[in-house]
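Accompanying notes for the structure given below.
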Amino acid sequence: MIDAVLPTYNRAPIAFERGEGAWAIATDGTRYLDLGAGIAVNALGHANPDLVAALTEQAGRIWHVSNLYQIPQQQRLAEMLVDKTFADTVFVTNSGTEAAELAIKMVRHYWSDRGQPERIEILTFEGAFHGRSTGAIAAAGSEKMVKSFGPLMPGFRTLPWGDMEALKAAMSDRTAAVMFEPVQGEGGIRPMADADMRAIRAMCDQTGALMVLDEVQCGMGRTGRLFAHEWAGVTPDIMMVAKGIGGGFPLGAVLATEAAAAGMVAGTHGSTYGGNPLACAVGSRVMEIIAEDGFLAEVNRKGALLRQKLEGLVAAHPEVFEGVRGSGLMLGLKCRVAPAELVKAGYAEHILTVPAADDVVRLLPPLNITDEEIGEAVARLDRAAGRLA
């Protein structure tokens, strides 16, 4: 018989009842060091007291009113994002998938609004992950994502990852936008080279195409800057954000320049729950904490410390690991074994990691993980690797 919960996940046989910072505590009392953070969601750890306070205070006031009315908490979060980024305007969503859908709609409306409705093609790169809606899987284009779900939304073209010559050749008078992740997460912690991001920006400027970034996983301080594209010194026209922005509470957003968003007037898009007071109260506190002086410098320092220790781990287990990739606290272990095997071995050592494509295991700890916890994490990964030798 089918389970009461639709069986679309291969779940580990572990259930968690509470968490404390970088630790998740299972129903049997076992403490797991969490280097997955709910797939880069729990950016400030489990049960962060600042976020608990923000949520509790708001929960005692008002939970939901819908976007038929002004929502001061949403306005505050949007203004914070505008103040800290390239954006002129923000639409608040519940998730990264919803953000991707709006980004696609915004691109299409941008060109229709300019009298070029035929300009619909959005160029993407293989290995991408933009969510699991029909539009988002069409954008990614991989067989695993799209098999049995056709017909797909037209207007997407997938190019080899990081191939600037292929991108240049694909650009045409039908190109509406180039959409990509500055660091692919599901694709295996694959960073787009800074020079390539600058080249994409230049090509978009030359052709008028919009540059759309998906920073759902790599944004919100994960790479040591508020957003990963900042390392390349470029700015997008549209950007999707989610995961870490809510610190564990469902929250996402689309950030855009005034020009890119000009066609999105009243009635062109909406959300019942998006931007609700609870989510935005938490998101605003997350923004305040990440924006504090020295916070991102600490992410970079801790990222360097973790990477240094991981390089030693790789050297100690050449039969298990090939190398380390990524930046900040968005790191990946390139494996010579199946990533699922290392993840499973980690369960035995009470450490949580996340598998990805390209034979990579992702390490996405809370941004406020301590030095001592980093040392403990690598020690547990060392023992897990020893189980596979």
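Values in this text are rule-based calculations from the coordinates and carry no lab data. Note that the coordinates shown come from a computational prediction; the quantities given were computed from them, not determined experimentally. Reconstructed Cβ throughout: ideal geometry from the backbone, glycine too, with neighbour counts over all protein chains shown.
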As straight-line cross-link partners of residue 334, the qualifying lysines (C-alpha separation under 17 Å, not fewer than 8 residues apart within one chain) are 309, 344
Quick note on 118, 376, ordering by fewest other C-beta atoms within 10 Å, gives 118, 376
Dividing the mean separation of Cα pairs under 8 Å (6+ apart) by the residue count of the chain yields a relative contact order in percent of 23 percent
Residues 1, 203, 211 in order from fewest to most other beta-carbon atoms within 10 Å are 1, 203, 211
The range 235-370: relative contact order from alpha carbon pairs under 8 Å, six or more residues apart, as a whole percent, is 15 percent
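Please compute the length gained on full extension between residue 319 and residue 75, using 0.36 nm multiplied by the number of residues separating them and subtracting their Cα-Cα distance.
So the extension gain works out to 82.6 nm.
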Rounded to two decimals, the Debye log10 I(q)/I(0) of the chain (Cα scatterers, no solvent) at q = 0.10, 0.11, 0.12 Å⁻¹ is -0.65, -0.80, -0.95
Comparing 278, 213, 305 in a Gaussian network model of the chain (Cα, 10 Å), the one with the largest mean-square fluctuation is 305
In whole Hz, the Karplus estimates of ³J(HN,Hα) for the range 165-179 (6.51, -1.76, 1.60; θ = phi - 60°; x where Gly or Pro) are 5, 5, 5, 4, 5, 7, 5, 8, 6, 9, 6, 8, 6, 10, 10
Sparse-neighbourhood loop hits (chymotrypsin sites (Phe, Trp or Tyr not before Pro), the range 1-89; DSSP loop; Cβ within 10 Å at most 12 others) -> 9, 63, 69
The distance between the Cα centres of the range 78-98 and the range 102-122, in whole Å, is 20 Å
In debye to the nearest 20, the charge dipole size for the chain, taken about the Cα centre with +1 at each Lys and Arg Cβ and -1 at each Asp and Glu Cβ, equals 480 debye
Percent relative contact order for the range 83-235, counting Cα pairs under 8 Å at least six residues apart, stands at 21 percent
